[in-house]
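Worksheet: one structure, shown below.
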Amino acid sequence: TTLGQYAALPRPAVFNQFGEKGRCLHRWVNGQDERRMPFYKPDPVLYGEHHFDDPVADQVILEAVLRRLASDLAGHLEALNKECHEIALNVLLEDRSHREENINLAQPVASLTRLYQKLWFLLRQARISSGVLELEVRLSEIKPILPRQLSLFGDGDETQQLHETLIDLTARHGECFF
């Protein structure tokens, strides 16, 4: 039996054979649904970008621009009272190639310091081979800040810091050493 055949059956016959659930299904296959559609509001996405007039290869300048972008975005997160769980850095190089690096965070970020650390890490991962024309930062998976249990024995970031240090050393010296 197809849905079209089911829809063609008389409503009383459907109720007698299948009960209330059958009648409900009969209304649906005939396009009669009184349920309200839930309101969908997508999670916000925050962007920050900087365009350079000339290609920039100087790490100090790139890091200063990343710090400014991090400051602006952290201010937006603070105003919204939210934190982000995903960060993406898109780098446009002078040869018009793109490098995109993403990180999904186990511990979400809202502060300027942590956001800058993550962006600096992503910039190091991008392995830039020529001058940079544009930096774009995208924060997504933005959720309300949740309270967290404080640790009695330190800040709990030692493992994360060790992991980030290892990744940084690997980026600097290659995987064969670590």
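Here are some notes:
- Some residue of segment 78-86 being open to solvent by less than 60 Å² (accessible area, probe 1.4 Å), in contact with a helix residue (DSSP H, G or I) (Cβ under 6 Å, 6 or more places away or on another chain) and closer than 30 Å to S130 by Cα: no
- A count restricted to segment 73-82 and to residues that are modelled with pLDDT of 95 or more and part of a strand (DSSP E or B) stands at 0.
- In segment 88-135, the residues that are over 20 Å from L162 (Cβ atoms), open to solvent by less than 20 Å² (accessible area, probe 1.4 Å) and assigned to a strand (DSSP E or B): A88, L89, V91, L93, V132, L135
- Matching residues in segment 51-72 - criterion: being part of a helix (DSSP H, G or I) and among the aliphatic types (A, V, I, L, M): V60, I61, L62, A64, V65, L66, L69, A70
- Selection within segment 22-54 - touching a residue at least 40 places away in the same chain (Cβ under 8 Å), under 22 Å from the mean Cα position of the chain (by Cα) and open to solvent by less than 100 Å² (accessible area, probe 1.4 Å): D43, P44, V45, L46, G48, E49, H50
- Count of segment 24-33 residues which are over 14 Å from Q5 (Cα atoms) and either in contact with a Gly (Cβ under 8 Å, 6 or more places away or on another chain) or not in a loop (DSSP other than H, G, I, E, B) (or both): 1
- Residue within segment 55-67 that is more than 23 Å from R172 (Cα to Cα), surrounded by 15 or more Cβ atoms within 10 Å (Cβ to Cβ) and modelled with pLDDT of 95 or more present: no
- The listed residue being in contact with a Phe, Trp or Tyr (Cβ under 7 Å, 6 or more places away or on another chain), of a type outside the set (D, E), modelled with pLDDT of 95 or more and under 21 Å from A171 (Cβ atoms), out of A88, A70: A70
- For first residues located in segment 148-174 and within 16 Å of W120 (Cα to Cα), partners that are loosely packed, with under 12 Cβ neighbours inside 10 Å and modelled with pLDDT of 70 or more and lie 6+ apart or on another chain with Cβ distances below 9 Å form the pairs Q160/A106; Q160/Q107; A171/R127.
- Condition met for R148 (open to solvent by 80 Å² or more (accessible area, probe 1.4 Å) and touching a helix residue (DSSP H, G or I) at 6+ places or on another chain (Cβ under 9 Å)): no
- Scanning segment 6-21 for residues that are open to solvent by 100 Å² or more (accessible area, probe 1.4 Å) and more than 18 Å from D33 (Cα to Cα) returns N16, Q17, F18.
- In the set R99, R67, only one residue is closer than 13 Å to R127 by Cα and among the basic types (K, R); that residue is R99.
The values are calculated or read from the model by the stated rules, or taken from the named source; none is laboratory data. These figures come from a predicted structure and were not determined experimentally. Positions of Cβ are generated from backbone atoms using ideal geometry, with glycine treated the same way; all protein chains shown enter the neighbour counts. The protein model used for the area step is the full one, side chains on, heavy atoms only, and it has no ligands, DNA or RNA in it. Shrake-Rupley method; radii C 1.70, N 1.55, O 1.52, S 1.80 Å.
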